[in-house]
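Here's the structure, in structure tokens; my notes come after.
Derivation of every value follows stated rules applied to the coordinates shown; laboratory data play no part. Quick caveat, the model's predicted, so the values are computed rather than measured. All Cβ positions, glycine included, derive from the backbone under ideal geometry; neighbour counts span all protein chains shown.
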Amino acid sequence: MQLERIVLFVVWFLCLRSDTYGVNGRRIISKEEDMELEKQLKLINKPPVKSIQTAHGHVVDCIDIEKQLAFDHPLLKDHKIQRRPSFRQGTTKKVESGGHLLSSTPPVIGLEDIDACPLGTVPIRRATKEDLIAAKSLSTNFHTQSATTPGTDYAILQMQKNDVRSYQEIEAEINVYNPRVKEGETFAYISVRGGPDEDINLVSTGWMVSPSRYGDTSSHFFTLWTRDAFKTTGCYNTLCPGFVQIDPKFYPGSALPNASVPSGPDQFAMPASLSQDEKNNWWLTITGTRLGYFPAELFSTLKNPAETVVWGGAAISSLDGVSPPMGSGIFPSFEPNISCDFTNMWYRSASGKHNGPHKPFYDIIIDNPACYRLKYYGYLDDKAKFALQFGGPGGNCGP
Ligand SMILES: *[C@@H]1O[C@H](CO)[C@@H](O)[C@H](O)[C@H]1NC(C)=O
Ligand SMILES: *[C@@H]1O[C@H](CO)[C@@H](O)[C@H](O)[C@H]1NC(C)=O
């Protein structure tokens, strides 16, 4: 009797799991596909020096820094790992906190101190079959379109190259929320881009909620890159060779346990930046920590300064056309602590000048104002500096 119940429970649980995958766009796979996935996982997941089971359900492996997946990339065969960026003195700014919109604490990201990876190793979120299936079946394409992909909506501020300006750094303090996403995906991000849409080079970072990619409803710190509009290269986090991890604690794909709630007592924001060093590598810095970099060799157009920088949000609807909330889920209002904001928005131009977005050098793209909006305040005050608010409730937003 007891055994029967256990067996029944297991069967029920397995059915439930495959159901869940079905609903989230994950399919049930054949034996051949399963073996193929096993093979891929063997290539992606390097032998760990130590493994850590996180409180969020996924496993983090500490991998020899010289043997990480990035170096499987054919373009990185002769790459010499850089433990720190080669910036000219004084070219980077430190992102600060505070202001009218936000007086926030950085969220917990990555491993706790006691779990930090041993010297000479770096934390890598271990890839699972589900990750690979989701990566195959979900499009990444939306990041490359100007603003016209069906089912994808943007609320962004972007600056494009002009006669006097291209970009080597973008930063912002990104307010972290955890909007309820049942299906689809939602993003708060900064991004650098180069080249034409059909061959775009791109690096993005920020937070996202995507039950189908992560198997949970948490907000996750993410990175994303490509050199050819995702035709043959690029991926989220460390699911493919590309990003070189340096820091022993913070890692792409980690869950963000701390999120703001509208009018809540605690507000969280993560200062983030992407900056190109003297060797044209793109460094990723989060809450003052240099996580690692995307080597220049990976790119064609992003070997040069970026042509476009972007701050804002995106949302992808489910197959039945229901769009998830963006930001905090509440439209921008000047009130602090209610809608999601970016403060301390800066760029550095190739000539070394730091500035925030000024008229008329930026565009605001809101392709579905019934569902999502963005309000840019320019230089708001001495703490928030250049700031915007964005987001909205989603729903039936149409094509
Ligand atoms: C942030 O999350 C961590 C881990 O769950 C928790 O221990 C900590 O109390 C949270 N911080 C705040 C200020 O809520
Ligand atoms: C916004 O949140 C911050 C941090 O929790 C708090 O110090 C501030 O008083 C809040 N502002 C308002 C207007 O609620």
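Determine the gain in length on full extension of the stretch D382-H354; use 0.36 nm per residue of separation and subtract their C-alpha separation, reporting nm with one decimal.
Length difference between fully extended and current span is 8.5 nm.
Obtain the nm distance between the two label points defined at K39 and K231 by a simple spin-label model: each point lies 7 Å from its Cα along the Cα-to-C-beta direction.
In this crude label model, K39 to K231 measures out at 2.5 nm.
Taking the Cβ of each residue in S86, S339 as the centre, tally the other Cβ atoms inside 10 Å and list the residues starting with the fewest.
S86, S339
If the cut-off is 12 Å between C-alpha atoms, which aspartates and glutamates fall inside it for K353, apart from same-chain ones fewer than 8 positions away?
E169
If you find the alpha carbon centre of region 350-386 and of region 273-317, how far apart are they in angstrom?
Region 350-386 and region 273-317 have Cα centres separated by 19 Å.
Towards the positive end of the charge dipole of the chain, with charges on Cβ (+1 Lys, Arg; -1 Asp, Glu), say which of Y347, F221, G264 has the farthest Cα.
Farthest towards the positive pole: Y347.
Using a 10 angstrom cutoff on alpha carbons, build the Gaussian network for the chain and name the most mobile of P271, P150, P332.
P150
Looking only at T232, T152, T54, which one moves most when the chain is put into a Gaussian network model with springs between Cα atoms under 10 Å?
Of T232, T152, T54, the most mobile in the Gaussian network model is T232.
Going by amide H atoms built from the backbone, whose H comes under 5 Å of the H on G395, apart from near neighbours?
Those lying under 5 Å, H to H, from G395 are S323.
Can you compute the modelled spin-label distance between D64 and R84, with each label point 7 Å from Cα toward Cβ, in nm?
So the two model labels end up 2.6 nm from each other.
If I take every Cα pair under 8 Å that is 6 or more residues apart in the chain, average their sequence separation and divide by the length, what percent do I get for the relative contact order?
22 percent
Given H placed 1.01 Å from N in the peptide plane, which residues other than close sequence neighbours of T233 have an amide H under 5 Å from its amide H?
Residues meeting the criterion, in which the H sits 1.01 Å from N, are R227, D228.
Tell me, what HN-Hα J-couplings in whole Hz come from the Karplus equation 6.51 cos²θ - 1.76 cosθ + 1.60 at θ = phi - 60° for each residue of region 151-157, using x for Gly and Pro?
Going residue by residue, I get x, 10, 10, 10, 9, 9, 10 Hz, with x marking Gly and Pro.
For the cross-link pairs K50/K303; K129/K303; K46/K136; K359/K385; K39/K249; K42/K77, which exceed 25 Å when the distance is taken from alpha carbon to alpha carbon?
In this structure, K50/K303; K129/K303; K39/K249 exceed 25 Å between Cα atoms.
Within 10 Å, at most 10 other Cβ atoms, and a DSSP state outside H, G, I, E, B define an exposed site. Report the longest part of the chain free of exposed trypsin sites (Lys or Arg not before Pro).
Value returned for the longest uninterrupted segment is 95-352.
If I model a spin label at S51 and K129 as a point 7 Å from the Cα along the Cα→Cβ vector, what separation in nanometres do I get?
It works out to 1.6 nm between the two label points.
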